[in-house]
Amino acid sequence: MEENNNNERDEIFSERVRAGKRTYFFDVKATRSNDYYLTITESKRRYKEDGFTYEKHKIFLYKEDFNKFVDALHSTVNHVKEELLPEVDFTQFERLEDSPGYNGQHNGSANEIDTELKWD
C-alpha cells in the first residue's frame with residue numbers, strides 16, 4: 001500500500017509540449033521526504049524496420065537550481081532572438097500545433113531555420 005502512496009506523490013504535476021517529432025515533458029516529482037524536483041524529458045520518435053521506438057533524454061532539476069536554470073534559459077533564448085536572429089518573427093511559431101491542417105511536420109524549405117523548438 002505504501003508503494004501506491006509513492007506513485008500518487010510522483011504524479012504531482014505534468015506539462016507536455018509537442019514540438020514536431022519531439023515531445024517535452026515537464027514533471028514535478030516528490031522525494032520520499034516530500035521535497036520536490038522537476039524532471040524535463042525530451043522524447044523523440046524514431047522509426048525502425050518493425051515500427052517505431054522513443055528515444056528519451058532526461059534532466060533532473062532541483063529546487064535550489066530553479067532560479068539559476070530559468071535565468072540562464074531566458075538569457076540564452078533572448079540572446080538568440082535579439083542578437084543572432086533579430087529578423088525572425090518568433091510569434092509565427094506560437095501554437096502551430098493548434099493550426100488547422102497541422103500534421104506535426106514543418107512544411108518549409110530545407111534552408112529555413114529549424115522550428116522544432118518553440119520559445120515564448
Just the residues that are modelled with pLDDT of 95 or more and either under 19 Å from residue 42 (Cα atoms) or surrounded by 10 or more Cβ atoms within 10 Å (Cβ to Cβ) (or both), please, taken from segment 76-95. 76, 77, 78, 79, 80, 81, 85, 88
Restricting attention to segment 22-66, and to residues there that are of a type in the set (S, T, N, Q) and outside any strand (DSSP E or B), which single residue is surrounded by the fewest Cβ atoms within 10 Å (Cβ to Cβ)? 33
Can you tell me which condition residue 59 does not meet? The list is (1) at pLDDT below 95; (2) of a type in the set (A, V, I, L, M); (3) within 14 Å of the chain's Cα centre (by Cα), and all the others hold. (1)
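The values are calculated or read from the model by the stated rules, or taken from the named source; none is laboratory data. Just so you know, these numbers come straight off a predicted model, no measurement behind them. Here Cβ is always computed from backbone atoms with ideal geometry, including for glycine, and neighbour counts include all displayed protein chains.
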